[in-house]
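Quick notes on the structure that follows.
The values are calculated or read from the model by the stated rules, or taken from the named source; none is laboratory data. These numbers were taken from a predicted model, which means no experiment stands behind them. Virtual Cβ from ideal backbone geometry, glycine too; neighbours counted across all protein chains shown. Accessible surface is based on the protein model in full, side chains and every heavy atom, while ligands, DNA and RNA are left aside. Shrake-Rupley method; radii C 1.70, N 1.55, O 1.52, S 1.80 Å.
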Amino acid sequence: MSGVLTQRTGGNARRRDTRVGESAVTRAILTAIALLFLAVFLVAPIVTVFGAAFSKGVGPYWDALHQDETLDAIRLTLLTAGIAVPLNVVFGIAAAWLISKYDFWGKSALVTLVDLPFSVSPVISGLIFVLLFGAHGWFGPYLSEHDIKIIFAVPGIVMATTFVTFPLVAREVIAVMQAQGSDEEEAALTLGASGWQILLRITLPKVRWGLIYGIILCNARAMGEFGAVSVVSGHVRGLTNTLPLQVEILYNEYNFVGAFAVASLLCALALLTLVVKKVAEWSVSARDARRAASPHAKSVAVEACSSFEGVVP
Amino acid sequence: MTVRVSNVVKRFGADTDAAAVNDVSFEAKPGAITSLLGPSGSGKSTLLRMIAGLEVPNSGRVFIDGTDATERSPQHRNVGFVFQSYALFKHMTVADNIAFGMKIRGLRGAAVQKRVTELLGLVQLPGYGSRFPAQLSGGQRQRVALARALAIEPKVLLLDEPFGALDTQVRLELREWLLSLHEQTGITTLLVTHDQEEALELSEHIVLLNEGRVAQAGSPHDLYDHPANEFVASFLGGANVFKGRVKNGAAQVGSQSIPAPSGAREGTPLQAFVRPHNIRVRKPTGQNPVDLGKIERLTRVGGYVKVYVSLPTGESITVQMSKTDLDELAVEPGDPVAVDVVDAKVFVQSYSI
């Protein structure tokens, strides 16, 4: 995995070629393994997706994306991410603030619970909402009485997406906030700053790169989520289909160009996510090179693309 | 402006736990530097944080400038607090750091600019305004932290181990500089330190803490020359401890007899504390060699020498003397020497059953 390692540290400090470690041959073998792995599991699928999407040329590709159902799926996906991501940002910052600044009963339980959506299969996450809000669920009778539709409707999709993606911002911000301690906040307090002033002027600027990184990941996952959304959506065409669901439908209908065209949109999003993250890191490393603060450098490619598992055929 | 702390208690955790600060009262005189001195874990930092409002005492009151500030939030106490870690805002320039408190108070524009320039001059960092904290050395960061604390024109200045993370050279320089800064500003200052030299040199008043209680409070001179108890005697200046019993109303320390505290009964165990520079070592003059000590080791520490002498009683003592004195004496490790105690503090051991 040395290839990945180089990529991770490349943005920060120039690593010295230390004498600790492997001989040239070992290094070459490790590099080859890493590159081969990347080629087979990352590059090949992406190339395939774009290759299949453009297999009949740009015209059919463009037409496939311009179908009403696909445009509706794009709109719904953007709406879902547009609601889920801000919600998770607010929740993530609040949870991180609570966890890193205060001691309270049940704190460790909260820290563990934040990770719950990661440890539960997305399909189960979707089922939880069906059990709660479905026609035969706990709140089902109440909801149907008041003519509120959650399952097989947009609210259910937004809720399931929010649930599945909520650790992404919180985990990043909690880690950064805990690592940085509360000294600066205490200093601001003695200088007369109020809680809001401290949050806006000290804490958020301090954790901004962790926060941005969390938002990027959260957004990628929110747009790419398949399992949980599939359960609560009901696959109503033009109404409750998000992009990943649209890919599945088109693929099952043997509309390969359409399926891969939509899949290519999701892959393009993943690549864009990567670029945004890199640009963010570069812009900060230019200034922070002197400031010894290391931006959160993790390889986002693997995680961004892994959120499309089961979607890319 | 005064700071007064009265019967303050602070516990972390359950009520049954030992208190970090246990019924502490003291007063910091206006315009002076007062040191809160003590070993680590003595509660000195906790005490300072309670004065700043960063910790809330379980009981007791904190008065700043004559008014009860116990319930007031740190935001409204108007105290300047300097952290050991500096706690500079890393994402802001030096100028923005210093201006922070003024901007919070709604000040804007040229007035802030002028004051920042003034303060940068005061802390001897003119022209450093546009740098970021990470571009400064430890000593410079500490001075920026001081400027930032002074910018809000605080009633009192609270310094928590301000020089703790710096190397000796910088620490000594900053100490001098802090003294002259204090002469210029005249602001009431509380300094937390574990470094007795720092406390002795900087402060007019020392509150020596041990295990959450005040061991003794007074001028450096008081504490050094008239320690109130064994802890003060051994903590300040370091001391050789002689153990014995009261015999004929006196304590036998080496070859000397030192009057025991009045009221000490015959045969009561006692401890005598003798400072390393209060012992004279001389060449033996026809004494019984059995009564003599033997030089174990000589350690040269810059301008003075530490002489380790083992006594016939089996005790080992440390003597401090100047290099010149040692050269005059001309002794080597292994030589027999006579040891005279110039001054000793004698404490009768108190038993509590």
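Taking every pair of distinct Cα atoms and averaging 1/r, then inverting, what Kirkwood hydrodynamic radius in Å comes out for chain B?
23.1 Å
Report, in debye and to the nearest 20, how large the dipole of the protein assembly as shown comes out about its Cα centre when Lys and Arg carry +1 and Asp and Glu carry -1 on their Cβ.
My answer is approximately 980 debye.
Of all the C-alpha pairs in the range B:19-117, what % are more than 16 Å from each other?
The share of Cα pairs beyond 16 Å in the range B:19-117 comes to 66 percent.
Using helices alone, I'd like the mean residue ellipticity at 222 nm for the protein assembly as shown: each DSSP H run of four-plus residues gives -39500 (n - 2.57), total over residue count, nearest 500.
Dividing the helical sum by the residues of the protein assembly as shown leaves -14500 deg cm²/dmol.
Among B:L202, B:L174, B:L311, which one shows the biggest mean-square fluctuation in a GNM of chain B, springs joining Cα atoms closer than 10 Å?
Judging by the Gaussian network model, the answer is B:L311.
Rank these residues by their accessible area, most exposed first, probe 1.4 Å: A:W105, A:W196, A:W209.
Greatest to least solvent exposure: A:W105, A:W196, A:W209.
Over chain B, what relative contact order in percent results from Cα pairs under 8 Å that are six or more residues apart?
For chain B, the relative contact order is 16 percent.
Please check the range A:161-193 for residues whose accessible area, probe 1.4 Å, is lower by 30 Å² or more when all protein chains are in place than in their chain alone.
Residues meeting the cut-off: A:D183, A:E184, A:E186, A:A187, A:L189, A:T190, A:L191, A:G192.
Using a 1.4 angstrom probe and counting only protein chains, how large is the accessible area of A:M177 in Å², to 10?
0 Å²
Using the Kirkwood radius built from alpha carbon pairs, what does the Stokes-Einstein equation give as D for the range B:128-217 at 4 °C and 1.567 mPa s, in µm² per second?
Value of D from the Cα-based Kirkwood radius: 90 µm²/s.
For the range B:1-100, which GluC sites (Glu not before Pro) pass both filters: DSSP loop (anything but H, G, I, E, B) and at most 15 other C-beta atoms within 10 Å?
B:E71
Calculate the mean, over all residues of peptide B:144-156, of how many other protein chain Cβ atoms lie within 10 angstrom of the residue's Cβ.
Taking the mean over all residues of the peptide, I get 1.
Tell me, what % of the accessible area of the range A:57-154 is carbon and sulfur with a 1.4 angstrom probe?
On the range A:57-154, the fraction of accessible area on carbon and sulfur atoms equals 71 percent.
Counting only other chains, and only Cβ atoms inside 10 Å, what mean value do you get across the residues of A:200-209?
2
Could you tell me how far the Cα centroid of the range B:207-233 sits from the Cα centroid of the range A:87-140, in Å?
After rounding, the separation between the Cα centres reads 55 Å.
Tell me the label-point distance for the pair B:D340, B:V9, using the 7 Å Cα-to-Cβ offset, in nm and rounded to one decimal.
If labels sit at B:D340 and B:V9, their model points lie 5.2 nm apart.
Using the Kirkwood radius over C-alpha pairs as Rh, can you work out the diffusion coefficient of the range A:58-291 via Stokes-Einstein at 20 °C, viscosity 1.002 mPa s, in µm² per second?
Rounded, D is 109 µm²/s.
Going by the alpha-carbon gyration tensor, a ≥ b ≥ c the square roots of its eigenvalues, is the range B:153-193 rounded (a/c under 1.5) or, if a/c is not under 1.5, prolate (a/b greater than b/c) versus oblate?
It is oblate, given that a/c is not under 1.5 and a/b is not larger than b/c.
Summarise the partner chain shielding of B:92-104 as one whole number: the mean count of Cβ atoms from other chains within 10 Å of each residue's Cβ.
Mean number of neighbouring Cβ atoms from other chains: 3.
Which one, A:Q67, A:C218, A:Q178, projects farthest toward the positive side of the charge dipole computed for the range A:58-291 from Cβ point charges (K/R +1, D/E -1)?
Going by the Cα projections, it comes out as A:Q178.
In µm²/s, what is D for the protein assembly as shown at 25 °C and 0.890 mPa s, where D = kT/(6 pi eta Rh) by Stokes-Einstein and Rh is the Kirkwood radius from Cα pairs?
The calculation lands on 79 µm²/s.
Contact order normalised by length for the range A:143-246, with contacts defined as Cα pairs under 8 Å and 6 or more residues apart; what percent is it?
Relative contact order for the range A:143-246 comes out at 45 percent.
For the peptides A:213-225, B:322-334, what is the packing order when you average, over each peptide's residues, the other Cβ atoms within 10 Å and list the highest mean first?
A:213-225, B:322-334
Do you know the relative contact order of the range A:58-291, to the nearest whole percent, from alpha carbon pairs under 8 angstrom that are 6+ apart?
After rounding, I find 31 percent.
To the nearest 0.05, how large is the calculated FRET efficiency for B:L298 and A:D183 if R₀ is 41 Å and r is the Cβ-Cβ distance?
It comes to 0.40.
Mind checking the log10 I(q)/I(0) for the range B:195-278 at q = 0.18 Å⁻¹? Debye, one equal scatterer per Cα, no solvent, two decimals.
These q points yield log10 I(q)/I(0) values of -0.81.
Given H placed 1.01 Å from N in the peptide plane, which residues other than close sequence neighbours of B:G31 have an amide H under 5 Å from its amide H?
B:T188, B:T189
Ranked highest first by average number of other Cβ atoms within 10 Å, how do A:92-98, A:43-49 line up?
So the peptides A:92-98, A:43-49, ranked by packing, come out A:92-98, A:43-49.
Take every DSSP beta bridge whose two residues both sit in chain B, then give the antiparallel share in percent to the nearest 5.
Roughly 75 percent of the beta bridges in chain B run antiparallel, per DSSP.
By average Cβ neighbour count within 10 Å, what is the ranking of A:136-149, A:232-245 from highest down?
A:232-245, A:136-149
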